[in-house]
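Following: one structure in structure tokens, then a few remarks.
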Amino acid sequence: MEPRGTKRGAEKIVVAESRNKLPRLAPSLPTDPALYSGPFPFYRRPSELGRFSLDAQRQYHGDARALRYYSPPPTNGPGPDFDLRDGYPDRYQPRDEEVREGLDHLLRWLLEHRGQLEGGPGWLAGAVVTWRGHLTKLLTTPYERQEGWQLAASRFLGTLYLSEVETPAARAQRLARPPLLRELMYMGYKFEQYMCADKPGGSPDPSGEVNTNVAFCSVLRSRLGSHPLLFSGEVDCTDPQAPSTQPPTCYVELKTSKEMHSPGQWKSFYRHKLLKWWAQSFLPGVPSVVAGFRNPEGFVCSLKTFPTMEMFEYVRNDRDGWNPSVCMNFCAAFLSFAQNTVVQDDPRLVHLFSWEPGGPVTVSVHRDAPYAFLPMWYMEAMTQDLPSPPKTPSPNY
């Protein structure tokens with residue numbers, strides 16, 4: 001199958017180039033794991049720069065009000081008996097997925113704290129700014145067999161911004177999401193409600209509403225190879241009993257998975273699900289994932305902790321397993337590819353990186369709508385160095 005965005009897209013670009021003087025198309029980037037099997041690249045230990053919260057109405061607050069506290073059931077008591085179906089759909093307020101937020105919440109934080117960044121504007125000008133989830137997709141790409149992705153990239157005041165674009169296939173899947181899958185999504189959030197309290201030492205209250213608008217996000221700084229990174233990701237909870245209360249090492253990621261009963265089921269789990277858990281937690285430096293295993297009736301009957309740095313051990317001797325070095329080397333190669341492709345400093349110019357399983361990463365070039373994603377309020381404030389963004393920024397492109 002021809003990778004998306006090659007021939008037909010290339011013809012459109014050639015026509016558009018003559019009118020808009022768009023840059024020439026870059027070559028593609030291969031994704032074969034064998035090409036990235038070298039030594040593990042340098043990755044700076046992530047450090048937290050700040051945090052922000054989104055409330056029940058999805059409004060931004062530059063504080064930790066949405067942070068929850070890890071409060072598991074006592075280890076010496078009876079095992080968990082969490083009904084993950086409880087409250088569905090009556091006490092469920094899902095986020096409106098039609099609203100495409102882009103990088104807006106992270107940009108709001110960046111605008112408010114740009115003056116306090118170590119290294120100042122010079123450091124930011126050389127950095128890549130994105131969401132942790134976008135980097136996670138890059139890490140897992142060499143081993144992904146089902147879902148493609150698209151990342152829009154623009155350079156503004158030196159900084160390279162990466163923002164995911166929903167692929168037509170992903171949109172079609174989302175709009176046709178079957179009821180069972182919708183309920184499974186709820187169950188993941190419900191598990192967090194059983195495992196978290198609103199204050200340190202408190203008890204979980206699973207009787208309330210599950211509102212997926214609410215989020216606590218950590219903003220982190222790192223470096224992969226030669227690429228400085230500033231990224232943000234949602235954090236499930238912090239552990240008041242952690243050996244270190246220094247973020248991100250006090251954070252805990254919570255996951256659910258179906259109960260497994262055969263070696264083949266465990267092998268598949270280690271190859272596929274654990275790869276995504278590792279990538280998601282390794283990037284921000286979250287030390288462990290606590291998994292709740294649910295039975296067919298939707299009850300969590302057992303818990304298991306997976307330390308992030310030990311996850312690879314489950315597939316180390318599996319010929320069809322994944323390798324952290326491949327994931328990180330591919331991510332570094334993609335960042336180099338993007339940095340070398342997006343050379344023009346113009347936020348209205350968008351390079352769209354597209355990938356479908358089995359093919360290379362390809363690039364198409366666009367201007368303005370629908371792909372331009374840096375909002376006007378952000379660009380104006382950064383250019384004029386205004387003191388703060390509007391109270392509730394609207395995605396005004």
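The values are calculated or read from the model by the stated rules, or taken from the named source; none is laboratory data. The model shown is predicted, which means the values in this text are computed figures rather than measured ones. Neighbour counts run over all protein chains shown; Cβ positions are idealised from the backbone, glycine included. With ligands, DNA and RNA removed, areas are computed over all heavy atoms of the protein, side chains included. Shrake-Rupley method; radii C 1.70, N 1.55, O 1.52, S 1.80 Å.
Only a single criterion out of (1) closer than 23 Å to residue 189 by Cβ; (2) surrounded by fewer than 20 Cβ atoms within 10 Å (Cβ to Cβ); (3) in contact with a helix residue (DSSP H, G or I) (Cβ under 6 Å, 6 or more places away or on another chain); (4) of a type outside the set (S, T, N, Q) is not satisfied by residue 324, namely (1). Looking across the stretch 20-46, not a single residue is touching a strand residue (DSSP E or B) at 6+ places or on another chain (Cβ under 7 Å) and over 30 Å from residue 344 (Cα atoms). Within the stretch 344-367, residues that are farther than 20 Å from residue 129 by Cβ reach partners that are among the aromatic types (Phe, Trp, Tyr) with beta carbons closer than 9 Å, at six or more positions or on different chains, in the pairs 354/149; 355/149; 356/149; 362/353; 362/355; 364/353. Whenever a residue of the stretch 275-290 is in contact (Cβ under 8 Å) with a residue 60 or more places away in the chain, its partners that are of a type in the set (Ser, Thr, Tyr) and in a strand (DSSP E or B), lying with C-beta atoms within less than 7 angstrom and at least six residues away or across chains, give the pairs 284/218; 290/305.
Of the listed requirements (1) open to solvent by 20 Å² or more (accessible area, probe 1.4 Å); (2) hydroxyl-bearing (Ser, Thr, Tyr); (3) at pLDDT 95 or above; (4) not in a helix (DSSP H, G or I), residue 394 misses just one: (3). Of all residues in the stretch 70-92, exactly one satisfies the criterion of being under 18 Å from residue 236 (Cβ atoms) and either in contact with a Lys or Arg (Cβ under 6 Å, 6 or more places away or on another chain) or surrounded by fewer than 14 Cβ atoms within 10 Å (Cβ to Cβ) (or both), namely 84. Checking each residue in the stretch 239-269 for being aromatic (Phe, Trp, Tyr) and surrounded by 19 or more Cβ atoms within 10 Å (Cβ to Cβ) picks out only 251. Please go through the stretch 157-168 and give me each residue that is part of a strand (DSSP E or B), among the aliphatic types (A, V, I, L, M) and either on the phi > 0 side of the Ramachandran plot or open to solvent by less than 10 Å² (accessible area, probe 1.4 Å) (or both), ordered by number. Across the stretch 157-168, the qualifying residues are 160, 162.
The number of residues in the stretch 98-156 being open to solvent by less than 30 Å² (accessible area, probe 1.4 Å), within 19 Å of residue 234 (Cβ to Cβ) and assigned to a helix (DSSP H, G or I) comes to 14. Inside the stretch 175-211, residues that are of a type in the set (Asp, Glu) and open to solvent by less than 30 Å² (accessible area, probe 1.4 Å) make up a count of 1. So, in the stretch 50-66, how many residues would count as being crowded, with 18+ Cβ neighbours inside 10 Å and either in a strand (DSSP E or B) or among the polar types (S, T, N, Q) (or both)? Residues flagged as crowded, with 18+ Cβ neighbours inside 10 Å and either in a strand (DSSP E or B) or among the polar types (S, T, N, Q) (or both) within the stretch 50-66 amount to 6. Listed by first and then second residue, the pairs linking a residue in the stretch 49-60 that is within 17 Å of residue 97 (Cα to Cα) to a residue that is part of a strand (DSSP E or B), with Cβ atoms under 6 Å apart and 6 or more places separating them unless they lie on different chains, are 54/215; 56/211.
Within the stretch 26-49, being part of a loop (DSSP other than H, G, I, E, B) and hydrophobic (A, V, I, L, M, F, W, C) holds for 26, 40, 42.
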